[in-house]
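The values are calculated or read from the model by the stated rules, or taken from the named source; none is laboratory data. Because the structure is a prediction, the values reported are computed rather than measured. Here the Cβ positions follow ideal geometry from the backbone for every residue, glycine too, while neighbour counts run over all protein chains shown. Surface areas here come from the heavy atoms of the whole protein model, side chains and all, with no ligands, DNA or RNA. Shrake-Rupley method; radii C 1.70, N 1.55, O 1.52, S 1.80 Å.
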Amino acid sequence: MLSFRSLRSLTSHLLVVAFLAFAAGSLAQNSSSSSSSSAAPVQPEVQKPPSLIDPAGPQISLQTSEAVFQIAAALNACGYDAGLDQSQPVRQKVRDEVNAAVQTSAEAQNTRDQLCTYIRQHELSDSSHNLSQYVSLALYVTPPPELTNSVPLPEMPPDSTQVVEILPLIRKFAREINLHYIWISVRPQYDAVVNSLHDSLTKMIVTTNVYLKMPANTTTGSRFAVVLEPLLDPGQTNARVYGADYVVVTSPTRDDNVRMDEIRHTYLHFELEPLLYARASSMDRLLPFLKTEIGRASCRERV
């Protein structure tokens, strides 16, 4: 997993290194002294994709997820109020419907209390990391009503394993308040948000590719997915890179905006990192130059 602080600091380096990799590859192809054999390209570590990634689906997608919805609804039922005043009206609607359903059943109230106790016991001091662990979990669970981890526990994202035991509580809570029915009732609002953001996401992708002067990533098996969840804080965006799969989980504001700059950072990685992996062996030719430049930069910083 990459934080957006890391993404911001790496993006400019990726652009430079991608250019150098291309240059090195061209030099290697044009050099009469180059060897006829070459080392196999370095590839990212293989990792099973998130459950919402459809291998047969589009390479770039804008979507919603009931699994993410149910986990976000559970957090909201237990006092997760971050960004509520900036959120879409559908967030308050879901909260009201969940609270009303809880009040109709003593068993539902008891399960809600157990759920909230679990969330409090696993709360982290950093609010962003606290949400992040649940986002990681939501990306690696099967669709409701099963809502179980989609890969063996050792292959789950590390932060998600800290809260994976919440799944039986969410399954029980969802069953007792008929959370699937609430999801169906608000699905038109979710679809409307997806439709409202489709054009702006498409424009970002097109303009980014024009800026890079390159076509869209055509790497086989690589996917870029933007997942919209209005029940989360619009001020916080979660980016994930799992093997060849790039996922951004974000929430739209009340006026149908998202943090497009942060989505663009992840999209740059999606576009540029395959180039680096494909030409990693060519980078060996540039290491002496890179070390020299790093040394000069260090000297300038000390001065």
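List of remarks:
- Scanning the stretch 169-190 for residues that are open to solvent by 60 Å² or more (accessible area, probe 1.4 Å) and assigned to a helix (DSSP H, G or I) yields Arg171, Lys172, Arg175, His180, Tyr181, Ile184, Arg187, Pro188, Gln189.
- Single residue of Ala100, Ala56, Ala72, Ala67 found to be open to solvent by less than 40 Å² (accessible area, probe 1.4 Å), over 21 Å from Arg259 (Cα atoms) and of a type outside the set (Ser, Thr, Tyr): Ala67
- Among the residues of the stretch 156-168, the one identified as surrounded by fewer than 13 Cβ atoms within 10 Å (Cβ to Cβ) and either in a loop (DSSP other than H, G, I, E, B) or among the charged types (D, E, K, R) (or both) is Glu165.
- Selection status of Ser200, buried (at least 17 other Cβ atoms within 10 Å of the Cβ) and of a type in the set (Ser, Thr, Tyr): no
- Subset tally (residues that are assigned to a helix (DSSP H, G or I) and either touching a strand residue (DSSP E or B) at 6+ places or on another chain (Cβ under 8 Å) or open to solvent by less than 20 Å² (accessible area, probe 1.4 Å) (or both)) for the stretch 78-94: 4
- In the stretch 111-122, the residues that are open to solvent by 10 Å² or more (accessible area, probe 1.4 Å), in a helix (DSSP H, G or I) and without any contact (Cβ under 8 Å) to a residue 60 or more places away in the chain: Asp113, Gln114, Cys116, Thr117, Tyr118, Ile119, Arg120, Gln121
To keep it simple, each residue is scored yes or no on (1) closer than 18 Å to Val164 by Cα; (2) modelled with pLDDT of 95 or more; (3) surrounded by fewer than 13 Cβ atoms within 10 Å (Cβ to Cβ).
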{"residue": "Asp96", "(1), (2), (3)": "no, yes, yes"}
{"residue": "Leu124", "(1), (2), (3)": "yes, no, no"}
{"residue": "Gln133", "(1), (2), (3)": "yes, yes, no"}
{"residue": "Leu139", "(1), (2), (3)": "yes, yes, no"}
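- Test: Val68 is under 18 Å from the mean Cα position of the chain (by Cα), part of a helix (DSSP H, G or I), at pLDDT 95 or above and of a type in the set (A, V, I, L, M): yes
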